[in-house]
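What follows is a single structure, written as structure tokens, with notes after it.
The values are calculated or read from the model by the stated rules, or taken from the named source; none is laboratory data. On a predicted model such as this, the values are computed, not experimentally measured, just so you know. Cβ atoms come from the backbone with ideal geometry, glycine included; neighbour counts cover every protein chain shown. What goes into the accessible areas is simple: the full protein's heavy atoms, side chains included, and nothing from ligands, DNA or RNA. Shrake-Rupley method; radii C 1.70, N 1.55, O 1.52, S 1.80 Å.
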Amino acid sequence: MVSWRGAGINRTQGLVLAFFLLAWAAAIMILVVAPQVYDPALRRAPGSLPIAETAFAVALSGLICVVLVGVVRRWRWLFWLILAVFVLGVLRVPVAVLELAGHTAASPTWYVVLQGGVGVIQFAIALTMLAGYRRSGVWGAC
């Protein structure tokens, strides 16, 4: 176990924490470097686009902070929620394949590939979470 400010963080928690931190960094980076990815959705928000982008970044950051705290504190309900979402993350793969084949709305190719990769990573983390659960219970290390 790795110690983090007095809290014992096991490998399963470390994987989930790393995933959410990287997802947050990627979302902010996309918002800064390639805003056209999020612009269609953010233009529907009331107010100007810069305000919508700022609100999106603040809301996403707040949500990620709550998740990080919940993972460190080993909130039971959050374990099951993350597990369900990550298992369903595998659905990103066929969606990405369909989008790359031109059967759905087109996003930039790099973004579609990124989404498919995120789905694979989410599913792998979900399997790790299940293995840890079988071995040690909720938030158990695998």
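Please find, among Arg43, Arg11, the residue that is of a type outside the set (Phe, Trp, Tyr), surrounded by fewer than 15 Cβ atoms within 10 Å (Cβ to Cβ) and over 26 Å from Ala106 (Cβ atoms).
The conditions single out Arg11.
Quick check, is Val67 farther than 19 Å from Ala27 by Cβ and touching a Phe, Trp or Tyr at 6+ places or on another chain (Cβ under 8 Å)?
no
Matching residues to (1) part of a helix (DSSP H, G or I); (2) under 22 Å from Arg135 (Cα atoms); (3) among the small types (Gly, Ala, Ser):
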{"residue": "Thr12", "(1), (2), (3)": "yes, yes, no"}
{"residue": "Leu15", "(1), (2), (3)": "yes, yes, no"}
{"residue": "Ala18", "(1), (2), (3)": "yes, yes, yes"}
{"residue": "Ala25", "(1), (2), (3)": "yes, no, yes"}
{"residue": "Gln36", "(1), (2), (3)": "yes, no, no"}
{"residue": "Pro40", "(1), (2), (3)": "yes, no, no"}
{"residue": "Ala45", "(1), (2), (3)": "no, no, yes"}
{"residue": "Pro50", "(1), (2), (3)": "yes, no, no"}
{"residue": "Leu68", "(1), (2), (3)": "yes, no, no"}
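Just give me the residues in segment 73-82 being surrounded by fewer than 18 Cβ atoms within 10 Å (Cβ to Cβ), part of a helix (DSSP H, G or I) and either of a type outside the set (Lys, Arg) or under 13 Å from the mean Cα position of the chain (by Cα) (or both), in sequence order.
Correct list: Trp77, Trp80, Leu81.
If you scan segment 53-83, which residues turn out to be out of contact with any Leu (no Cβ under 8 Å at 6 or more places or on another chain) and modelled with pLDDT under 95?
Residues satisfying the conditions are Thr54, Ala55.
Quick test of your reading of the structure: Gly70 fulfils all but one of (1) of a type outside the set (S, T, N, Q); (2) on the phi < 0 side of the Ramachandran plot; (3) open to solvent by 70 Å² or more (accessible area, probe 1.4 Å). Name the failing condition by number.
Looking at each condition in turn, Gly70 falls short on (3).
If you take the residues of segment 99-112 that are open to solvent by less than 80 Å² (accessible area, probe 1.4 Å) and not small (Gly, Ala, Ser), which of them is farthest from the chain's Cα centre (by Cα)?
Here the residue is Thr104.
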